[in-house]
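S.K.: Submitted below is the structure of interest, expressed as structure tokens.
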Amino acid sequence: MEVKTVVVRGLDVLVAWDEAAQEHVYHHGADLALRGHLIVQAGGRYEGPCDETVDGRGLMAMPGLINMHSHPSSEPGNRGLLEELGSAKLGQSSLYEYMPVFRADISSAPYANQVAVSEMLKSGVTTYVDMSLPRPGWADTVAATGIRGILGPMFRSASWATRNGHSVEYTWDEAAGERAFEASLDVVKSALAHESGRLGAMLCPSQVDTCTPALLQAAQAEGRKLGIPLQVHAAQSVVEFQEMTRRHGRTPIEWLDDIGLLDEHLVLGHGIFLNDHPSLFWPQADDFALLARSGTGVAHCPTVFARRGISLNYLGRYQQAGIPVGIGTDTFPHNMLDEMRLASYLARVVARNFKASSTEGVLDAVTTTAARMLGRDDIGRLAPGFKADFSLIDLRHAYMRPAREPLRSLLYSAGDRAVRDVYVDGRQVVRNGEVLTIDVERALHEVEQAQLSTLSRVHLNDHAGRSAETLSPKVLRTLEAGA
Ligand SMILES: [Zn+2]
């Protein structure tokens, strides 16, 4: 296969990695050169031979973003349904009473996946963690979108349900959990060996409160053997905190520490409800120190929690303590730049301190820190030898101007509107804001059909037999035609 050299010439701004200083820096009037999958030069003027030139004037090249936590196989179908739902008697979470009844049929998963990835690509994401239930064809669907996908097939020993909206019951089936774990290993191995070369894997025991210690430890052992990290939802709800303390007399974090899970290869999905979280009352523990000492990371997904009045306590505090924090879109939309902006603002609100987050800290979270959490030394930076994963931002977009400080303009004003082109593995996947690799219109149509079908079955799944319209009423009263 022919290997092409592409040079983006004379970029107004290039966000490149400064190896000596170990930080991202701005270059002006610089070139970015790629050969095949890799960057060969980031900065200065490229003098070597090249096959294709892109005019970099009016553009900023920045590293591709890493989305640390998402459920793209189902979440796009929840648009318009779940934004304002939470259980008043279950810690305001939507996990137990609402998400299960709105879950779309798995037949729509490939299309939901495409919709989600299209949104990610358009907001500059080039690598994402995909936490889904295994299904045939999953790896190929992800690979065909052109993105770099880290497949995280989920498995667990118990399921949860509420029969009354105020208590959660767990149904245990340890053998089923072990079978699901074995099935997840098949997915992991096929992802690692996928011909695209763009798939990675993570082991994802679903939740701290639904897995036996043996299952979590088995996952950790396999993760070590395969050299891949683990991610588990933990410290994600008040219900979970109370359940774990009721069962064990230990916080979720203490319990994970007790069974030897906490280390630098583990990522906690959310990691919000540590014992010192303002919404809890459990002073005699130090979850924060346990996290910091162990090197355990956190996937911070501000949007879905902000919708329910919940936030991490708080981004800058975790980062300053050395806790690795990545950022994820979790539910929907899959707009990473929106997520980064909210992460930044929420930290300041929670801390009541405008220094509780910084733009550079947020950028590091979704580039260098995220890469380290994934055990990757080849993504998250624009530097020679790194994967050619980057986006080109339109500095002439109205919302970017004045573009004196382009990252601030992007994060706080323009968002994904200014993301013009995106490249993954040296291949262009977004051009002028359009995704080249996905039939987005078709995928959206399928997701819409799947949502209609889900809505017709909601009353069968709800503990009180309520309809979709009762559970999630429309914002405005609807007048019928002629009324
Ligand atoms: Zn999640």
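S.K.: Would you please name the GluC sites (Glu not before Pro) within region 214-309 that are DSSP coil residues with at most 14 other C-beta atoms within 10 Å of their C-beta?
M.R.: Details: sites: GLU222, GLU240, GLU243, GLU254, GLU264; in loops: GLU264.
In loop regions of region 214-309 (DSSP not H, G, I, E or B), the sparsely surrounded GluC sites (Glu not before Pro) are GLU264.
S.K.: Moving on to the next point. Would you mind telling me the antiparallel percentage of the DSSP bridges in the chain, rounded to 5?
M.R.: The antiparallel proportion sits near 50 percent.
S.K.: Still on this structure, I have one more. Hey, can you grab everything whose amide H is under 5 Å from the amide H of LEU382? Only 5+ residues off in sequence or another chain; H modelled, so Pro and N-termini drop out.
M.R.: Here TRP17 satisfy the definition.
S.K.: Roughly to the nearest percent, how much of the accessible area of the chain is carbon and sulfur, given a 1.4 Å probe?
M.R.: For the chain, the apolar C and S fraction of the accessible surface comes to 50 percent.
S.K.: Note down the nm distance, to one decimal, between modelled labels 7 Å out along Cα→Cβ at ARG179 and at GLU480.
M.R.: Using points 7 Å along Cα→Cβ, the separation is 4.8 nm.
S.K.: Between ASP18 and GLU47, what is the FRET efficiency for a Förster distance of 22 Å, r being their Cβ-Cβ separation, to the nearest 0.05?
M.R.: 0.55
S.K.: Please report the base-10 log of the normalised intensity I(q)/I(0) for the chain, using a Debye sum with one equal scatterer per alpha carbon and no solvent, at each q in 0.05, 0.07, 0.09, 0.11 (1/Å).
M.R.: -0.18, -0.36, -0.60, -0.90
S.K.: Can you grab the distance from the C-alpha centre of region 2-30 to the C-alpha centre of region 215-273, Å, no decimals?
M.R.: Rounded to whole Å, the Cα centres lie 39 Å apart.
S.K.: Based on the Kirkwood radius over alpha-carbon pairs, what value in µm²/s does the Stokes-Einstein equation return for the translational diffusion coefficient of region 52-138 at 4 °C and 1.567 mPa s?
M.R.: 85 µm²/s
S.K.: Using R₀ = 30 Å, calculate the FRET efficiency as 1/(1 + (r/R₀)^6) where r is the Cβ-Cβ separation of ARG163 and ASP258; round to 0.05. Don't jump to the answer; show the numbers that get you there.
M.R.: Details: r = 31 Å, r/R0 = 1.02.
Computed FRET efficiency for ARG163 and ASP258 comes out at 0.45.
S.K.: Here's another thing I want to ask about it. Return the subset of LYS189/LYS387; LYS355/LYS474; LYS4/LYS122 for which the Cα-Cα distance in this structure is over 30 Å, preserving the input order.
M.R.: From LYS189/LYS387; LYS355/LYS474; LYS4/LYS122, over 30 Å: LYS355/LYS474.
S.K.: Moving on. Magnitude of the Cβ-charge dipole of the chain, K/R +1 and D/E -1, about the Cα centre, nearest 20 debye?
M.R.: That gives a dipole near 880 debye.
S.K.: Hey, can you find the accessible area per residue of region 1-110 for me, probe 1.4 Å, expressed in square angstrom?
M.R.: That works out to 44 Å² for each residue.
S.K.: Got a sec? Charge dipole of region 395-483, +1 on Cβ for Lys and Arg, -1 for Asp and Glu; which of TYR423, PRO406, GLN449 is way out at the positive end?
M.R.: Projecting each Cα onto the dipole axis, the largest value belongs to PRO406.
S.K.: Please work out the C-alpha center-to-center distance from region 354-398 to region 280-321 and express it in whole Å.
M.R.: A separation of 22 Å, based on Cα centres.
S.K.: Given a 1.4 Å probe and heavy atoms of the protein chains only, how would you sort CYS301, CYS50, largest accessible area at the top?
M.R.: Sorted descending by solvent-accessible area, the residues read CYS50, CYS301.
S.K.: Which whole-number value in Å² is the accessible area per residue of region 180-298, probe 1.4 Å?
M.R.: Working: 4370 Å² over 119 residues.
Ligands and nucleic acids excluded, the result is 37 Å² per residue.
S.K.: Let me ask another. Any chance you could get the radius of gyration and Dmax over the Cα atoms of region 250-303, in Å?
M.R.: For region 250-303, the Cα-based Rg and Dmax read 10.8, 31 Å.
S.K.: Here is a further query. How big is the antiparallel share of DSSP beta bridges in region 1-91, given as a percent to the nearest 5?
M.R.: So the antiparallel bridges in region 1-91 amount to around 70 percent.
S.K.: May I ask for the angle, rounded to the nearest 10°, between helix 213-226 and the longest principal axis of the chain, with both axes built from Cα atoms and the value confined to 0 to 90°?
M.R.: 20 degrees
S.K.: If I stretch the segment between VAL349 and ARG135 completely, what's the gain in nm (0.36 nm per residue apart, minus their alpha carbon distance), one decimal? Provide the component values of the computation, followed by the final result.
M.R.: Details: separation 214, 0.36 × 214 = 77.04 nm, distance 4.04 nm.
Taking VAL349 through ARG135 to full extension adds about 73.0 nm, to one decimal.
S.K.: When the helix-only estimate is applied to the chain (DSSP H runs of n ≥ 4, each -39,500 (n - 2.57), divided by the residue count), what is the mean residue ellipticity at 222 nm, nearest 500 deg cm²/dmol? Mind showing how you got there, number by number?
M.R.: Details: 15 runs with 151 residues, N = 483.
So the calculated ellipticity at 222 nm is -9000 deg cm²/dmol.
S.K.: Moving to a separate point now. 7 Å from Cα along Cα→Cβ at both LYS89 and PHE281: what's the point-to-point distance in nm?
M.R.: Reported label-point gap for LYS89 and PHE281 is 2.0 nm.
S.K.: With the dipole of the chain worked out from charges on the C-beta (+1 for Lys and Arg, -1 for Asp and Glu) around the Cα centre, which of PRO213, GLY322, ALA191 lies farthest toward the positive end?
M.R.: Going by the Cα projections, it comes out as GLY322.
S.K.: For labels at SER467 and LYS225 in the simple 7 Å Cα→Cβ model, what's the distance in nm?
M.R.: If labels sit at SER467 and LYS225, their model points lie 5.2 nm apart.
S.K.: May I ask you to compute the full-extension gain from HIS28 to SER456, defined as 0.36 nm times their residue separation minus their alpha-carbon distance, rounded to one decimal in nm?
M.R.: 148.5 nm
The values are calculated or read from the model by the stated rules, or taken from the named source; none is laboratory data. Just so we're clear, the structure is a prediction, and the values are computed from it rather than from any experiment. Neighbour counts run over all protein chains shown; Cβ positions are idealised from the backbone, glycine included. Only protein heavy atoms, including side chains, enter the accessible area calculation; ligands, DNA and RNA are left aside. Shrake-Rupley method; radii C 1.70, N 1.55, O 1.52, S 1.80 Å.
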